[in-house]
1. Return the residues of region 1-10 that are modelled with pLDDT of 85 or more and either loosely packed, with under 10 Cβ neighbours inside 10 Å or of a type in the set (Val, Ile, Thr) (or both); say none if nothing qualifies.
2. Tell me, please, whether a residue that is within 26 Å of Ser13 (Cβ to Cβ), in a strand (DSSP E or B), of a type in the set (A, V, I, L, M) and at pLDDT below 90 can be found in region 69-85.
3. Can you tell me which of (1) modelled with pLDDT of 80 or more; (2) surrounded by 12 or more Cβ atoms within 10 Å (Cβ to Cβ) is the one Ser13 doesn't meet?
4. Looking only at region 48-60, decide whether some residue is modelled with pLDDT under 85 and surrounded by 10 or more Cβ atoms within 10 Å (Cβ to Cβ).
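The values are calculated or read from the model by the stated rules, or taken from the named source; none is laboratory data. The structure presented is a predicted model; accordingly, all values stated were derived computationally and were not measured. Methodologically, a virtual Cβ is constructed for each residue, glycine included, from the backbone with ideal geometry; neighbour enumeration extends over all protein chains shown.
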Amino acid sequence: MRGEELADWVLSSDLHICNKGNDPTFFNSIREEVIDVTLCSSNMVEYIENWHVSKDTKFSDHNRIEFGLIVNMNDNDLKGGVYLESNFLYC
């Protein structure tokens with residue numbers, strides 16, 4: 001998918017683009033571009049914070065995307081198998 005097709009699909013799927021700014025997510029010796037897109041559902045958009053492209057590049061031609069996920073949970077939630085690790089939520 002490219003350009004307009006991607007935008008149409010995102011809108012029709014009730015998704016939101018989390019990307020902020022225009023820091024390149026891809027680079028090589030010839031070019032730098034924003035080609036990686038982070039998507040989330042409408043009910044999650046308010047829980048994504050501090051989305052950014054990391055300046056720490058290692059072993060890839062794609063820059064790492066980092067963001068925080070706001071999670072409100074109590075002790076019972078932890079017993080249900082929700083674990084926060086690094087920048088990702090695993091259920």
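1. Residues satisfying the conditions are Glu4, Glu5, Val10.
2. Yes: region 69-85 contains one or more residues that are within 26 Å of Ser13 (Cβ to Cβ), in a strand (DSSP E or B), of a type in the set (A, V, I, L, M) and at pLDDT below 90.
3. Ser13 satisfies all of (1) modelled with pLDDT of 80 or more; (2) surrounded by 12 or more Cβ atoms within 10 Å (Cβ to Cβ) except (2).
4. Within region 48-60 (the criterion being modelled with pLDDT under 85 and surrounded by 10 or more Cβ atoms within 10 Å (Cβ to Cβ)), the answer is yes, since at least one residue qualifies.
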